[in-house]
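The values are calculated or read from the model by the stated rules, or taken from the named source; none is laboratory data. On a predicted model such as this, the values are computed, not experimentally measured, just so you know. All Cβ positions, even for glycine, are placed from backbone atoms using ideal geometry, and neighbour counts span all protein chains on display.
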Amino acid sequence: MVKICCIGAGYVGGPTMAVIALKCPAIEVAVVDISVSRIAAWNSDQLPIYEPGLEEIVKQCRGKNLFFSTAVEKHVAEADIIFVSVNTPTKTRGLGAGKAADLTYWESAARMIADVSKSNKIVVEKSTVPVKTAEAIEKILTHNSKGIEYQILSNPEFLAEGTAIEDLFKPDRVLIGGRETAGGQKAVQALKEVYANWVPEDRIITTNLWSAELSKLAANAFLAQRISSVNAMSALCEATGADVSQVAHAVGKDSRIGPKFLNASVGFGGSCFQKDILNLVYICECNGLPEVANYWKQVIKVNDYQKNRFVNRVVSSMFNTVSGKKIAILGFAFKKDTGDTRETPAIDVCKGLLGDKAQLSIYDLQVTEEQIQRDLSMNKFDWDHPIHLQPASSIEMKQVSVVCDAYEATKGAHGICILTEWDEFKTLDYKKIYDNMQKPAFVFDGRNVVNVGELRKIGFIVYSIGKPLDSWLKDMPAVA
Ligand code: NAI
């Protein structure tokens, strides 16, 4: 029986290994982590992450060929294939701070593999890493090899949170990069055989190591760039009276462009886009390519601009101050169908409003109060470290309350900011909400989920990203 061990039981390690276990009954899969609480949660009824369809799979495989454990060394020693899916945060200090990837966790995982291994191993980079990381990992492993052979493969993960299981069941592609030596190609073949249990052969792409590593960074940069492109257009739409949804629809009909990922919003979030682009920028700078670095940097600048612009719209529409005003925040996760808040635009928007002394009442379907308080008091980039290394007790924000339904959040509020596109927010009883709010009552839709016309008929003053402006907002300054 082939044994797989995955180091890192997070948003990637958990779902990917659950699907491998489900699709490959002949493989024993152990997912290990240094976080005791995370492993305990994986072994309980309350999984540590929310992902549609995940719970059923875990329940089906757990204890049969899928195991979650803190016995990291034991499972690594026993495995034939080791996936490394640990955090690769942005460095906060030292060389490359604010841009380069911090490979501390990766390096410590590699050193541990070298320490405990007694048989040949295939080590798979699942985490997103800078190009040429495999070379560094190879050096760590071979200099401590004690005669053991290691093959390093790059197998970046392309799943999207919220649709992770669907994406893993039917991936657009599986990418495997390896050395172009006989040993390297044999390892590529071994990993290919795992995926071939359910992924059609023509969807499994094999490349050299550096192409695989760079493809992941490039794919995320392209995806984020599309969002920043449509968001940049949304600002121009507001200035000219065009409607960004109509523009995106017309543009997306071009088969060379395509319709996906063209929704204007308050900005992109998630653990990867910003981190991976910063990493790409740093690699370009290190390779003497400042023009290329600046080109990609702009994607992040437009994202920051979009978040600032949103906060400015809120404040300027409400008589230039939100001090002491109750603002309902509907949605905190970085997108619907996940409880993940890493780099969610809601953090920046809430911090912006708190800076203007607003009172926030926050409601999200999946995010806990503890998480929200923690996010709002955490320093930039701290979120991307293993949970047990994050600041333990956050300072509770007095201006923030977290409630468990949208009607409570909006009761007595002056304004509503919709920051996540949860389906529920499309079908709320906005008449009831309006009746219970202060007047004039404002809705700032950062995800274009509400029916602007209907809300205006009820009496709301509505701002919806990239849509023709309410007459109330026309004379207000819009610059970020
Ligand atoms: P995560 O933070 O949810 O999980 C990482 C886990 O690794 C944590 O539970 C942590 O405790 C554990 N860990 C860290 N060092 C360890 C060590 N030495 N030994 C054992 N466990 C250790 O992170 P997530 O989101 O799963 O991301 C992991 C990697 O995958 C990152 O490089 C990320 O960029 C990449 N990725 C993430 C995607 C996503 O949607 N979240 C999608 C594609 C790639």
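Quick notes on this one:
- Among the candidates 9, 109, 114, 77, residue that is in a helix (DSSP H, G or I) and within 9 Å of the ligand (Cβ to nearest atom): 109
- Residue that is surrounded by the most Cβ atoms within 10 Å (Cβ to Cβ), among those in the range 265-282 that are touching a strand residue (DSSP E or B) at 6+ places or on another chain (Cβ under 9 Å) and hydrophobic (A, V, I, L, M, F, W, C): 266
- Every listed requirement among (1) free of Cβ contacts under 8 Å to residues at least 12 places away in the same chain; (2) near the ligand (Cβ under 10 Å from one of its atoms); (3) of a type in the set (Gly, Ala, Ser) is met by residue 35 save one, (1).
- When 92, 16 are checked against the criterion of being surrounded by fewer than 20 Cβ atoms within 10 Å (Cβ to Cβ), closer than 28 Å to residue 276 by Cα and either in contact with an Asp or Glu (Cβ under 6 Å, 6 or more places away or on another chain) or among the hydroxyl-bearing types (Ser, Thr, Tyr) (or both), a single residue qualifies: 92.
- Residue list for the range 305-336, restricted to those being assigned to a loop (DSSP other than H, G, I, E, B), surrounded by 20 or more Cβ atoms within 10 Å (Cβ to Cβ) and under 24 Å from the mean Cα position of the chain (by Cα): 331, 332, 333, 334, 335
- Only one entry in 57, 34, 4 is crowded, with 16+ Cβ neighbours inside 10 Å and in a loop (DSSP other than H, G, I, E, B), namely 34.
- Residue among 467, 432, 457 that alone is charged (D, E, K, R) and in contact with a strand residue (DSSP E or B) (Cβ under 9 Å, 6 or more places away or on another chain): 467
- Residue satisfying condition, being within 27 Å of the chain's Cα centre (by Cα), away from the ligand (no atom under 16 Å from the Cβ) and over 27 Å from residue 296 (Cβ atoms), within set 198, 210: 198
- The range 142-170, residues that are assigned to a helix (DSSP H, G or I), away from the ligand (no atom under 13 Å from the Cβ) and modelled with pLDDT of 95 or more: 166, 169
- Taking the range 379-388 as the range and being more than 13 Å from the ligand (Cβ to nearest atom) and under 17 Å from the mean Cα position of the chain (by Cα) as the test, only 380 passes.
- Which listed residue is within 22 Å of residue 425 (Cβ to Cβ) and either of a type in the set (A, V, I, L, M) or touching a residue at least 60 places away in the same chain (Cβ under 8 Å) (or both), from 382, 375, 337: 337
- Positions within the range 351-372 being crowded, with 20+ Cβ neighbours inside 10 Å and under 19 Å from the mean Cα position of the chain (by Cα), in sequence order: 364, 365, 367, 372
- Check on residue 242, surrounded by fewer than 17 Cβ atoms within 10 Å (Cβ to Cβ) and more than 23 Å from the chain's Cα centre (by Cα): yes
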